[in-house]
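The values are calculated or read from the model by the stated rules, or taken from the named source; none is laboratory data. Just so it is clear, the structure is predicted and the values come from calculations on it, not from any experiment. So basically every Cβ, Gly included, is an ideal-geometry build from the backbone, and we count neighbours across all protein chains shown. SASA here: full protein model, heavy atoms, side chains in, ligands and nucleic acids out. Shrake-Rupley method; radii C 1.70, N 1.55, O 1.52, S 1.80 Å.
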Amino acid sequence: MDEPARLRPIDLARAAGISTQQVRNHADEGLLPPTPRTASGYRVFTPHHRRALLTYRALYAAFGSHTSRAIMHAVLAQDTDRALELIDAAHADLHRHRQALDQAGQALSAIAHHTENAPIPPSGDLRIGEVAAHLGVRTSALRVWEQAGLLTPQRDHTTGYRTYTPADVRLARIVHLLRQVGYPLPDIGPVLERLSHSGDTTALNQALDQRSHNLLGRSRAMLTAAAHLDDYLTHT
């Protein structure tokens, strides 16, 4: 059966799994094709609007708010080259994240198991600025990690300055690597606790596996979004 020529906001909302108010919001935000109105002021939606809505929602799931909006605006402005450029950039960014995860996984394994590939730790205690330079991070990051309970440097009794032992620097490096691959700060504590107390790397491996799973989900979402976008462009 052919789709009706006119659709109600509730029809679009049900198709996309959102509220009718969200449908209206998307229309007002320029994320759907222009919607004519009846003499009484009601919006007139069509199957074309439905395809556009499903395309935007798929883009949103794959690329997030900012990029999906930019892509959809470009599509509706008939600037397909710009839309594809944004998509290509997002795929390249995802690839960089995969590479970073692989490198971080190798580094974390070396650090956790004290293999010969592990970075050489400092020979003595360091101050916060020296640790920051050693790891290539800001001192503010080290303070945030300390406030989160991930690091517990001692204080010099005379000066009050923080002092980091080689073990502290090792933990800071692990936190840094996990943060580099996007692991949430609140979830790092249990990983460090199991590693510090028992040398158990299970939680560390699970953290990396979860991040890999998230990247795979994002990759699949991009494929779904591409299919919706291709369908929309085909019927435009």
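Panel note: the C-alpha atoms of the stretch 195-236, placed on their principal axes, show extents of 60, 9, 5 Å (largest first). As a fraction of the 1.4 Å probe accessible area of the chain, surface on carbon and sulfur atoms comes out at 49 percent.
Over the chain, what is the relative contact order in whole percent, taking alpha-carbon pairs under 8 Å and six or more residues apart? Once divided by the residue count of the chain, the mean separation gives 20 percent.
Placing +1 on the Cβ of every Lys and Arg and -1 on the Cβ of every Asp and Glu, with nothing else charged, gives the chain a dipole about its Cα centre of roughly 640 debye.
Semi-axes of the equivalent ellipsoid of the stretch 1-45 are 16, 15, 9 Å, computed as sqrt(5λ) over the eigenvalues of the C-alpha gyration tensor in descending order.
In whole angstrom, note down how far apart the Cα centers of the stretch 179-236 and the stretch 125-173 are. Using only Cα atoms, the two centres lie 28 Å from each other. The C-alpha atoms of the stretch 34-76 occupy a region whose extents along the principal axes are 37, 16, 14 Å, arranged from largest to smallest.
Take the chain with all the other protein chains still there, run a 1.4 Å probe, and you get 57 Å² of accessible area per residue.
Computed from the C-alpha gyration tensor, the three semi-axes of the ellipsoid equivalent to the chain are 51, 18, 15 Å, from longest to shortest.
Rg of the Cα atoms in the stretch 5-80, relative to 2.2 N^0.38 Å, amounts to 1.05.
Descending by average beta-carbon neighbour count within 10 Å, the peptides 174-185, 126-137 line up as 174-185, 126-137, the highest first. Building the convex hull from the alpha-carbon atoms of the stretch 115-208 and averaging its projection over directions returns 6.4 nm². Give, in nm to one decimal, the length gained when the segment between D93 and R220 is fully stretched (0.36 nm per residue of separation minus the Cα-Cα distance). Separation in residues times 0.36 nm, less the Cα-Cα distance, equals 44.2 nm. What the Kirkwood sum gives for the stretch 66-168 is a hydrodynamic radius of 17.4 Å, with every pair of different alpha carbons counted.
Within the stretch 1-133, the proportion of Cα pairs with more than 23 Å between them is 55 percent.
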